1. Hey, if you put +1 on the Cβ of every Lys and Arg and -1 on every Asp and Glu Cβ in the range 47-177, which of 106, 88, 124 ends up farthest toward the positive end of that dipole?
2. Can you compute 3J(HN,Hα) from phi for each residue in the range 127-142, using the Karplus curve 6.51 cos²θ - 1.76 cosθ + 1.60 with θ = phi - 60°, rounded to whole Hz and x for Gly and Pro?
3. Suppose R0 equals 45 Å. What FRET efficiency, 1/(1 + (r/R0)^6) with r the Cβ-Cβ distance, do residue 90 and residue 9 give to the nearest 0.05?
4. From the backbone phi of the range 85-96, what are the Karplus-calculated ³J(HN,Hα) couplings (6.51 cos²θ - 1.76 cosθ + 1.60, θ = phi - 60°) in whole Hz, Gly and Pro given as x?
5. What base-10 log of the normalised intensity I(q)/I(0) is obtained for the range 68-155 from the Debye formula, alpha carbons as equal point scatterers, at q = 0.26 Å⁻¹?
6. Which length gain, in nm to one decimal place, applies between residue 158 and residue 81 when the Cα-Cα distance is subtracted from 0.36 nm times their residue separation?
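We did not get these values from a lab; they are worked out from the coordinates using the rules stated. Please read all numbers here as calculations on a predicted model, not as lab measurements. So basically every Cβ, Gly included, is an ideal-geometry build from the backbone, and we count neighbours across all protein chains shown.
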Amino acid sequence: MFGFPQSLTQQPEHLTAAEEAMLPDRDYERPKPSNGVLRHSLEAEEGSSCLQQLRVIPKVTKHLLSNPVFTCIVLAACMEIAVVAGFAAFLGKYLEQQFNLTTSSANQLLGMTAIPCACLGIFLGGLLVKKLSLSALGAIRMAMMVNLVSTACYVSFLFLGCDTGPVAGVTVPYGNQ
């Protein structure tokens, strides 16, 4: 709530054809029909609307990918999702094996630590951006630095570990041999 601006800037009146085709119509300015069913303006043009939208997709994609703020946010999100996916898949099993926990207690411990830490990180990131009055470029730099530091910390986990416990037939011989 604290990050929202006091007022929103006005949309420019001159839009390109690609932007106009992808923006929704202002249904809220039109009176609603008595039966409550609203028809979208693109439904009227059945043959050309689908083809017209397909022609617009490359232009809109190029416009999005040429936006450095969007591109950096997407790359940062991909880095974070890769780490979270790895931890979600293997950290529970690692906790089970290394600390002799049950599956339910390992996953419960994982959830009790991961969710509050994620919420705290989101809150502190927003607070830092607001308190430091960072521009979009400054926020991107801060996000990239935090991602690089966290990635370096994750790499350090490769070198941490405990000794492997004895496993009959693998690390120690069976007792009857």
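1. Sorting the options by dipole projection puts first 124.
2. 5, 5, 4, 6, 5, 8, 6, 6, 7, 4, 5, x, 5, 5, 4, 5
3. Efficiency computed from Cβ-Cβ geometry: 0.50.
4. Calculated HN-Hα couplings, in order: 5, x, 5, 5, 7, 10, 5, x, 5, 4, 4, 4 Hz.
5. Ignoring solvent entirely, the Cα scatterers give -1.34.
6. Contour length minus Cα-Cα distance gives 25.9 nm.
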